[in-house]
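Trainee: Have a look at this one before I ask anything.
The values are calculated or read from the model by the stated rules, or taken from the named source; none is laboratory data. These numbers come from a predicted model, not from an experiment. All Cβ positions, glycine included, derive from the backbone under ideal geometry; neighbour counts span all protein chains shown.
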Amino acid sequence: MTTPATDHQATAATTDTAGPGGLRLDDVTLTLGDGDAAVTALDHVGLTVAPGEFVAVVGPSGSGKSSLLAVAGGLQRPTSGTVHIAGTELTALSDKERTAARRRHIGFVFQQSNLLASLTVREQLLLPLHIDGRLDTAARTRADELIEAVGLTHRADSRPHQLSGGERQRAGLARALMTSPAVLLVDEPTSALDRVRSAEAVRLIAEQTHERGTATVMVTHDTAIMDAADRVYEMVDGRLS
């Protein structure tokens, strides 16, 4: 576990290593609701993740982990503070520009794999580039390379119902990496897996992070799988330490 520090201290300690391709949250606050019902989901959070670095954020349900991913991924605007990805300030973009930035610069690995039932593993990977108008021979080659990297070559033409839970999670990781994202955001990737497959999934995320140079943030409540991370933070009541 990292030594507890103020949010500004945590940011200052890592900003110099982030580089233009990483992720940086500066003094981010997110307040949900109004008046007496208002809840502070993120409380002056500072976090910097360098390209090729794997950071884990642990904490109980309701601590703000999901809000952290939503803001870092441009799915939700913070109430205050800024988010930078690959040298771009997400918080300064219009909704349309932010959507385009997500497609090109951010990969998401969800708690459930969210694979489309009618598509094969290979087709799952090609779909994002098809939507973005970038489907070509090079994309098809990259899809096959990623499928091999996550150990699913023998499952490339299989559909989700033919895959095990671990295989679906690996397919979801490969899909997230398909656009060569600068940032990879991973939400509770082991919640549906047993202990052995959980360790395998996290090891694979760490391996792909280091090999492909993504700035990766994984949120989890599972403290038993943190050893693969380069840094570990704890989130409690919206504050990161």
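Trainee: Which one of Val121, Val71 is surrounded by 15 or more Cβ atoms within 10 Å (Cβ to Cβ), under 30 Å from Tyr233 (Cα atoms) and touching a residue at least 12 places away in the same chain (Cβ under 8 Å)?
Mentor: Selected residue: Val71, the only one of Val121, Val71 that is surrounded by 15 or more Cβ atoms within 10 Å (Cβ to Cβ), under 30 Å from Tyr233 (Cα atoms) and touching a residue at least 12 places away in the same chain (Cβ under 8 Å).
Trainee: Out of curiosity, is Ser180 in a loop (DSSP other than H, G, I, E, B) and among the small types (Gly, Ala, Ser)?
Mentor: yes
Trainee: If a residue must be farther than 14 Å from Phe54 by Cβ and either modelled with pLDDT of 90 or more or in a loop (DSSP other than H, G, I, E, B) (or both), how many such residues does region 183-206 contain?
Mentor: Here the count works out to 7.
Trainee: Considering each of Ala138, Ala100, Ala86, Ala70 in turn, give the residue that is among the hydrophobic types (A, V, I, L, M, F, W, C), at pLDDT 90 or above and within 20 Å of the chain's Cα centre (by Cα).
Mentor: It is Ala70.
Trainee: Select from region 138-176 the residues that are assigned to a helix (DSSP H, G or I), buried (at least 21 other Cβ atoms within 10 Å of the Cβ), in contact (Cβ under 8 Å) with a residue 40 or more places away in the chain and of a type in the set (A, V, I, L, M, F, W, C) and list them in ascending order.
Mentor: Answer for region 138-176, where residues must be assigned to a helix (DSSP H, G or I), buried (at least 21 other Cβ atoms within 10 Å of the Cβ), in contact (Cβ under 8 Å) with a residue 40 or more places away in the chain and of a type in the set (A, V, I, L, M, F, W, C): Ala171, Leu173, Ala174, Ala176.
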